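Encoded as structure tokens, the structure appears first; notes follow it.
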Amino acid sequence: MEMQHMALFRTQSLAVLHKISSLFSFYINFHANYSKPITLISSQTRRIGLAKVSDSESVGYTVTAISKHENCNGREISCDLYNEMICELCEEREVDDAMDLLAQMEAMGYSPNSASYSCLIIGLANVGRTLEADAILLEMLTSGSRPKIRLFNSLLASYLKKGLLELSDKVLMAIDDLGLKKSRKTFEILIDYYVNAGRLRDTWLVISEMKKKGYHPNSYVYSKIIEIYRDNGMWKKAMGVLGEVRAMGISLDTRIYNSIIDTFGKYGELEEALDGLCEQTVKVLQLMEADGMEVNLILLNVLINAFATAGRPMEALSVYHHMIESGITPDVVTYGTLMKAFLWAKKFDQVPKIYSEMEASGCSPDRKARELLKSALMVLERRH
């Protein structure tokens, strides 16, 4: 049965190899046209560096490299040991050392196993070296090793980060052709890209497909939904997601609250949103406290700013006092925003008092705080 499965996979691999090869060729051409020449990393080119030294020197270099690893002392330099070392180096993000070890391994006549291939591809993709990752993937498929979805997820994330959309599409097609099941991570990578690109419709299409595959949206996905609404100017819908999440019984974690905080921060300057945002921020504070979550400095600063912009300095001051009572240490942003609140409300005599409190607390005033103090003092001097 296992032999039949392997035979079937090899047939699938041959079908995919053409697409991977074309993907690889496309990427090479892309770099040839738009960047400096890149040396291909294949089994043959990796051996060129070793051809300059004798076999004994190569073996000696390999022994020296491996003996540096504390877990390898006294152990035979076997194929398994090479594979183990490659994976460990990749996990430690020492990809260059892993690639060197791969070259030495193949010079000794050994072949990497599926785990080593996967570790190398993921390690290279994670540091943005997608061309080399593609070359290793092509070698892996040719050897008959079966890649897992985690490997393709790393490639997909790396391509999208570089804006290589055509290559990303080819990765998704390769996943389907190999009969691999997209994981939750696959969908989250796509959602993250579309949200950052501000593509609302595409984000919802991915979420719809995600649901069809049996993956229900979690706090990460909902935090992204809030972000995409926010970035498309739909702050009321962004806030509406909060109630929807609670109604579904999904716990409101830090990611969701941070997305909401960012929404307040972005729209706190819009006049038509001010009153609503002040009340909504208070509600979020109450929800966080009800959920047993710690109210942080960032959220309180955002709330102070919302009240300041709305011309409600006394409410801003109340938040400041709540901050002190809660044991949260105000920062220069807190004091600067409070000074701004009273300056805009034309209560100039309060600005120097807040500035003095800032200095007494040990917080160093920044340029903005000094400018606010100067503006308030000028008005007060004219009055006298």
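Pairs are defined by a Cβ separation below 8 Å, a sequence spacing of at least 6 or placement on different chains, a first member in region 174-193 that is outside any helix (DSSP H, G or I), and a second member that is of a type in the set (Phe, Trp, Tyr) and buried (at least 17 other Cβ atoms within 10 Å of the Cβ); the pairs so defined are Leu180/Phe152. Among the residues in region 242-254, are any over 21 Å from the mean Cα position of the chain (by Cα) and closer than 23 Å to Lys162 by Cα? Within region 242-254, not a single residue is over 21 Å from the mean Cα position of the chain (by Cα) and closer than 23 Å to Lys162 by Cα. Considering only residues of region 366-381 that are in a helix (DSSP H, G or I) and within 37 Å of the chain's Cα centre (by Cα), which is nearest to Lys347 (Cα to Cα)? Filtering region 366-381 for residues that are in a helix (DSSP H, G or I) and within 37 Å of the chain's Cα centre (by Cα), the one nearest to Lys347 (Cα to Cα) comes out as Leu372.
Looking at the structure I just gave you, is Ala247 modelled with pLDDT under 80 and farther than 24 Å from Ala197 by Cβ? Judged against the criteria, Ala247 is a match. Would it be correct to say that Lys182 is of a type in the set (D, E, K, R) and under 16 Å from Ala125 (Cβ atoms)? Here the answer is no, as Lys182 does not meet what is asked. Only one entry in Ala341, Ala306 is modelled with pLDDT of 90 or more and surrounded by 17 or more Cβ atoms within 10 Å (Cβ to Cβ), namely Ala341. Comparison of Ile228, Ile136 shows that the only residue that is touching a Leu at 6+ places or on another chain (Cβ under 9 Å), aliphatic (A, V, I, L, M) and not assigned by TED's automatic domain parsing to the domain that holds Ala247 is Ile136. Yes or no: region 264-280 includes at least one residue that is acidic (Asp, Glu), modelled with pLDDT under 75 and closer than 19 Å to Val333 by Cα. Yes; the residues of region 264-280 include at least one that is acidic (Asp, Glu), modelled with pLDDT under 75 and closer than 19 Å to Val333 by Cα.
Criterion applied to Arg184, Arg199, Arg230 was being in contact with a Ser or Thr (Cβ under 6 Å, 6 or more places away or on another chain) and either surrounded by fewer than 21 Cβ atoms within 10 Å (Cβ to Cβ) or of a type in the set (Lys, Arg) (or both), and the one residue passing it is Arg230. Screening the candidates Tyr229, Tyr222 for the property of being of a type in the set (Ser, Thr, Tyr) and closer than 28 Å to Asp176 by Cα yields one hit, Tyr222.
The values are calculated or read from the model by the stated rules, or taken from the named source; none is laboratory data. All values derive from a computational prediction rather than experimental measurement. Positions of Cβ are generated from backbone atoms using ideal geometry, with glycine treated the same way; all protein chains shown enter the neighbour counts.
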